[in-house]
Amino acid sequence: MSVVFACLDADTLGGIQQVTHTLAQGLAGRGHDVHVIGLHRARSPFRYVDEPLYRQHVISHTPMDSRSRPARWAADRRLARLLGTMRPGFAVMTSPGMVTRMAGAVPAWLRPIGQYHGSYEHARDCWHLGSIRTRYAELDQAVFLSRDDAWMFAEHALLPNAWSVPNPLGAWPEEVSALETPRVLGVGRLEGVKRFDRLISAFARSGAPPGWELHLIGDGGELDRLRAHAAQEGVGERVVFRGRVPAAEMPREYLDASILAVTSEHEGLPVVLLESAAHGVPAVAFDVSGGVRSAGPVLVPPGDVDAFGQELATLMDSAQERRRLGATARATAEAFRLDHVLDGWESLFAHIER
Amino acid sequence: MPDCTVVVITYNDAARLPRAVRSVLRQSLHDLEVVIADDSSTDETPRVAEELMRADPRVRYLRRHANSGGCGAPRNDGLDAAAAPYIMFLDSDDELPRHACKSLLTEIERTGADFVSGQISRLYEWNGRMERYYPSLFARRRVVEGIRAEPELFLDSFTTNKLYSVRFLRDRMLRFPEDILYEDHVFSTELYASSHRFAIVPWVVYHWRRARDRSSISLSIKEMENVRHRVVAARRSDDVLRRYGAGDLLPARQERFLRQDLRVYLNPLPTRDRVWVKEFAAVVRPYLAEIPAEVLHRVDPMTRVCCHLILDDRIDDLRIAASSLAGSKAPPRAAVRSEGRTYWGTTVAAGMDITGLRLAELPFSASRLRHEVTEITADGDRVRMTVHTYDPFGALPAGWKAFLRAGRVKIPIEPRPAGEGGYVSEITFTPRASCEPRIGFTRLSDGHTTTDRLMVDPGLRPIELPGANVRTDGYAAYLRVRSRSHVRPLLGRIKRALLRRLSTPGNKLRCYKALIRLLPPRRNLALFESDVGKGCTGSPRAVYEEVRRRGLPIEVVWSVAGDRRAFPAAARLVRRSSWRYVWTMARAGIWVDSHGFPLDYPKPRRTRYLQTWHGQGIKTIGFDAPDLRADFDQPRARWRAAVARWDALVSPSEEFSRRFPASNGYTGPVYRYGTPRCDALVRGTSRYDVRERLEIPDGRKVLLYAPTYRDRAKGSGVSVRADLELMAEELAGEWVVVLRTHPVEKYEVPSHLRYFARPAGSYPEINDLMLASDALLTDYSSVMCDYALTGKPMLFYIDDWDDYRRSERGVYHDLPAIAPGPCVTTTRELIDRIRDLPAAHASCADRYAAFRELWCADERGDAAARIVDDFFEARFIKERFIKERRVS
């Protein structure tokens, strides 16, 4: 069976791409004939897998934002030609934009699958929901990140073909955090959508015992605003902006953390939540999506900063509670180990073949 | 063993059978079988079925020896032959959407239900439109623990939109009756009665195809036999329920009969002749007579009236009443009022009570007249007709004049009192453009007009005229003119097509960018825009009037996006986003607006942009608002660039200056002179007489209800959260609600509430509404800050406060803590507060004062004058930098 993954840009540094290459390598390892197609070349290509067992194709060697209409038509022709050479199997289109662009060109012997990496709530608030409603119902399967998401799309986009397979964890750590460093961790781009302002406020209102710090990993346009906000909330000294940390060093960060906090406006299935759980770090998160719920953090109603602060306080106060929830988190994270997720994909393939 | 059996029943439908069968063979579920159950067709069906079998081994063919005359017998044949554990039924003229089988199969396996029911959708073959059948029944994906949990599901009596466990059907010995047409009604009643667990899915699982000329059983409703069968099916269904000891469900089943089965015949009743109606009434009467009065009370007033007319054998009245069921629900010919209640017809009788429609209490311009065309003929290129006008609720005043409007043509007409009541008009007109002609009556005392369409005999044959025809369609049978489309000359068509091709947003922007590079802006040309072109109001208008009052040598052009009537007659207008608009943007040396000129358009280098902003309040804005907090960076970059165009910002208050510039990344000059928009509020000057324009009866107080929109549901109408129905019941004697919805919101006041609630979403000047009102009801709208200037009471209906502040939108202030009036979360509570308004208002006096101090301290009534001093006059002396200055 061949499995074709298609992204708008398959070699850009990003969440969708990370997941796609992990799955591609995993499925290839199980004997599938796997291809990863990128419609555009990234400005600075990133190499996800050192020795890929799958084939990679780039359709246009120009970056995404420099396209003219004739160039687009030519690219569409090249894409159709490439798809024509594939053996029977499945074509996974990884975003609504990709489905719009490609669904018409998928040959009959490739069963079309539309994937969506955002939450239902995110789709609802932008053009994605309309696009998914009209385009994904035509495909053989629409795949979402969690059961709740699939359910919501079935109800609100009237999809008869909604299914769910979670994102996989890249690696399974042997070591878990001792949960003794007095540190709350927040990870993500410093942009509005992540709402680190709320995390800072929650941290400030939690009455964190002396010694506890909030470490924010990531960079972005909001840095100055957030710094000012932290000062205003009276925790300027205790919020540490760590900047970007390479992926290879992230495990160290999890091991040095006692609590992970997710205060985003929107999240699909955040990889940080899975990775921290795998490292036995308990998490507190706003209940913003089925994906977040599936990872099993302590849930707080979206936007309820005071309640978030209280949950942080509870965990900061009790090492025992942290250890209890940390162990549960690691157990929950089991389900996201690559092997389980690959099983999920293979049973999806079997379902399509029924 | 296949996963699913699909039984396709057919009778003499060889032409369409392959389409139905192929829709099954194309299913995303591959492992299935098709059983063609042929009710002994006499056409090509056996040969067609043979071919289908040859082409795909999954197809089987069963043929009855003699025709059964119904759908029950072939379905039973299919059921007996089914090899799979699950079964579906399909009619040979319909189709299954591609995922129907697999999605239902997955659901029944997941839930272990006895059967799964999905959305059925009508597909109109002549225009390809799809219409879902009672979508609210299927909206939630769920498992229902027996019909008793949701008796309204009796409305879904189809057998085709379901996948059944064959074992369940066989164990319970559920079979289709073979001796009646509506076997599915009886079958589904028994199905519901026997199942304790079934599932519902929201997606479409069945396409019920409807052709215009169809002779399928369910649509041959003209046949009296058909009516009889439907009544028999209803009786038998009731018997089934009794037999299963479910007599308590009878009312729900009977309600289905009234809401659905009966309406199938009542809606087209005006198209039937008297004999048919008489017989129809005789057929359904005995069954109707058995239905208890309280079940009749559950249906809408006009259906109830029809039921009583059937029971009383009032055939002529029944035909008139039925014409009010469809379309825009025409008023009756006559009505009587007694002790505050309204009755259909000329006598007071309990069954004729139509008070709930509230037709008798409407304001004049919304009142309903009934115009019946009694004669109509062609005369050359003209139409001559006689129209009988009925005024059942006595809406017409002493002095009026009348007209007929057909498209843009308006002809005066002279209705004369008719002998039997009402008026008769002889009308001659020449139909030109396609339209639905309306007759209007204008009240001479105040110029208000009411219009209604013209009803004709539904059997009217189209009247052909040169260039147009006059006809009717639908059961409501309104007179329509259809002009034949004339072919434009070729050159004209090419020109239009070319222009359309060129007039893309992208091309306009490119052109604009070239223009501003080449041409300098004119210093004395100003482009004004308010509410994104929706009106001529707010601060831009106040500034404009001040500029005009001073006679400054500035040429002003207003941007308009829709209704041009609200603009001053002297103003030059350009349509927003038109080529002329693009040209004006490029050439204007002054831009003034209240929201934002098209965001992607850079400002010409020497143009000066006055941003007056349209409101202040507790809601988060700019980069803190949800639309700029999303996961994409592009909107943020776009807004940043748009804000960078502003040269001066009008700030109404210190609080606004504290929040707004920071949250929008604006660092330029800020005017702190108050708000031009609010000058009129401070001075108390109105543009129009609201009470007169909105027809507020004397002695009624005005509650201005102005909710803001919800970010996740713009245009949905959900922002109107207070229960207007309950408010009408409780407050209509003393109050009128003026409903000012937000410009991005769409909400239509239901006709039965129009007597209490006046829609004012597009009323041209909100200041007037504030000045004319006695109190404000809002939720989180910025209108509360302006309203504080009036000193009048405010009420806050904030039932979704937690959701709104935390996730829907986000806020800067704790409204319940600072609100200058009572905050309530239920309509009951709201009504109590309104009844006790003076006391409620007085108890909030301190907070009111603090609120006013926070938002309105700068308002002196001279903001427009001071801003014009600075922005418009000063520049003619010299360009100078404007620093933020405080009011002395």
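Any read-out appearing in this document is the output of simple, stated calculations on the displayed coordinates, not a laboratory observation. Values in this document were obtained by computation on a predicted structure and should not be read as measured data. Cβ placement follows ideal geometry from the backbone for every residue including glycine, while neighbour counts extend to all protein chains displayed.
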Quick calc: nm separation of the 7 Å Cα→Cβ label points for A:Asp256 and A:Glu180 -> 1.6 nm
At a Förster radius of 51 Å, what calculated FRET efficiency corresponds to the Cβ-Cβ distance of B:Arg640 and B:Arg212, to the nearest 0.05?
-> 0.40
Have a look at B:Gly665, B:Ile516, B:Gly399 and report the one farthest towards the positive end of the charge dipole of chain B, computed about the Cα centre with Cβ charges (Lys/Arg +1, Asp/Glu -1).
-> B:Ile516
Per residue of A:150-163, what is the mean number of Cβ atoms on other protein chains within 10 angstrom of that residue's Cβ?
-> 5
Return the single residue from A:Ala329, A:Ala313, A:Ala108 with maximal mean-square fluctuation; model: Gaussian network over chain A, springs between Cα atoms under 10 Å.
-> A:Ala108
Under unit Cβ charges (Lys, Arg +1; Asp, Glu -1), what dipole magnitude, rounded to 20 debye, does region A:183-336 have relative to its Cα centre?
-> 220 debye
With r as the distance between the Cβ atoms of B:Arg835 and A:Trp127 and R0 = 56 Å, compute the FRET efficiency 1/(1 + (r/R0)^6) and round to 0.05.
-> 0.75
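In debye, nearest 20, what is the charge dipole magnitude of the protein assembly as shown about its Cα centre with +1 on Lys and Arg Cβ and -1 on Asp and Glu Cβ, if you could check?
On the way: 179 positive and 160 negative charges, 1188 e Å.
For this selection, approximately 5700 debye.
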Expected max-MSF residue from A:Tyr120, A:Tyr48, A:Tyr254 in the GNM of chain A (alpha carbon, under 10 Å) is A:Tyr48
Listed residue (A:Gly31, A:Thr332, A:Ala319) projecting farthest to the positive dipole end of chain A, Cβ model | A:Gly31
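Mind checking the mean number of beta-carbon atoms from other chains within 10 Å of the Cβ atoms in B:625-638?
Values: counts 1, 5, 2, 2, 9, 8, 14, 3, 6, 0, 1, 4, 1, 0.
Mean shielding by partner chains, rounded to a whole number: 4.
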Centre separation in Å (Cα based) which lies between region B:285-348 and region A:83-120 | 57 Å
What list do you get for A:Met98, B:Met1 if you sort them by fewest beta carbons within 10 Å?
-> B:Met1, A:Met98
Kindly provide log₁₀ I(q)/I(0) values, in the same order as q = 0.20 Å⁻¹, from the Debye equation applied to equal alpha-carbon scatterers of region A:183-336.
-> -1.33
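If Rh is defined by the Kirkwood formula over all Cα pairs and Rg also comes from Cα, what ratio Rg/Rh do you get for the protein assembly as shown? Could you put the intermediate results ahead of the total?
Working: Rg = 34.6 Å, Rh = 35.4 Å.
Answer for the protein assembly as shown: 0.98.
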Which peptide among B:703-710, B:839-846 comes first, and what is the full order, when sorted by highest mean count of other Cβ atoms within 10 Å?
-> B:703-710, B:839-846
Per-residue mean of other chain beta-carbon atoms within 10 angstrom of the beta-carbon, peptide A:345-352?
-> 1
All lysines inside 29 Å of B:Lys508 as judged from Cα atoms, apart from same-chain residues fewer than 8 positions distant | B:Lys495, B:Lys534, B:Lys603, B:Lys714
Using a Gaussian network model of chain A whose springs link C-alpha atoms within less than 10 Å, name the residue from A:Val184, A:Val34, A:Val245 with the highest mean-square fluctuation.
-> A:Val245
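Provide the percentage of antiparallel DSSP beta bridges, counting only those with both residues in region A:183-336; round to the nearest 5.
On the way: 1 of 18 bridges.
Around 5 percent antiparallel, to the nearest 5.
When the dipole is taken about the Cα centre of chain B, and only Lys, Arg (+1) and Asp, Glu (-1) are charged at their Cβ, what size is it in debye, to the nearest 20? If you can, show how the numbers build up before the last one.
On the way: 142 positive and 118 negative charges, 987 e Å.
Dipole magnitude for chain B comes out near 4740 debye.
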What's the FRET efficiency of B:Arg712 with B:Arg860 using the Cβ-Cβ distance as r and R₀ = 51 Å, to the nearest 0.05?
-> 0.85
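What's the ranking of A:195-208, B:367-380 by average number of surrounding C-beta atoms within 10 Å, highest first? Show your work: numbers first, answer last.
Working: A:195-208: 23.6, B:367-380: 17.1.
Those peptides, ordered most packed to least, come out A:195-208, B:367-380.
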So which lysines can B:Lys401 reach, going by Cα to Cα under 22 Å and dropping same-chain residues fewer than 8 places off?
-> B:Lys410
Positive end of the charge dipole of region A:25-116 (Lys, Arg +1 and Asp, Glu -1 on Cβ, about the Cα centre): tell me which of A:Pro52, A:Tyr116, A:Met98 has its Cα farthest that way.
-> A:Met98
